[in-house]
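The values are calculated or read from the model by the stated rules, or taken from the named source; none is laboratory data. Just so it is clear, the structure is predicted and the values come from calculations on it, not from any experiment. Cβ: placed from backbone, ideal geometry, glycine included. Neighbour counts: every protein chain shown. Heavy atoms of the whole protein, side chains included, go into the accessibility calculation; ligands, DNA and RNA do not. Shrake-Rupley method; radii C 1.70, N 1.55, O 1.52, S 1.80 Å.
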Amino acid sequence: VQLQASGGGLVQAGGSLRLSCAASGRTFSMYVMGWFRQAPGKEREFVAAINRSGRSTNYADSVKGRFTISRDNAKNTVYLQMNSLKPEDTAVYYCAAVYGVVLTPTPGGYNYWGQGTLVTVSS
């Protein structure tokens, strides 16, 4: 599967952005989808994951209550709604996919990656 992330940009603290990740192929609904982020000089970290049906999600503690992951299997797209953004949310955001059922929070658990979209939150 090929992934294309979009929706990043510059936003003030407290603002919102919605990231999208469009996937190719006809088996999108068979993949667990995840969002990760990587700030300059830091390791890639887990943000959120969603199961194949969209009924089960998992979030990093740092974004819980502010970010929402969702998916539209008819459109082969996964979303990340980001509210109440903070400067520390600044990073390149990546979507990822793995064929299976486990909502893994580790980058090594995913075998397909998008190209990343930059989110910059100004204070």
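Which residue out of 53, 84 is of a type in the set (Ser, Thr, Tyr), over 25 Å from residue 111 (Cβ atoms), in a loop (DSSP other than H, G, I, E, B) and open to solvent by 30 Å² or more (accessible area, probe 1.4 Å)?
On the way: 53 fails: over 25 Å from residue 111 (Cβ atoms).
It is 84.
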Next on the checklist: Step by step: first the residues of the range 31-44, then only those that are of a type outside the set (Gly, Ala, Ser) and open to solvent by less than 70 Å² (accessible area, probe 1.4 Å), then the one that is nearest to residue 71 (Cα to Cα). Which residue is that?
Outcome noted: 33
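Could you say which residue among 63, 47 is open to solvent by less than 40 Å² (accessible area, probe 1.4 Å) and not in a strand (DSSP E or B)? Walk me through how you get there before you give the answer.
Values: 47 fails: not in a strand (DSSP E or B).
None of the others qualify; the one that does is 63.
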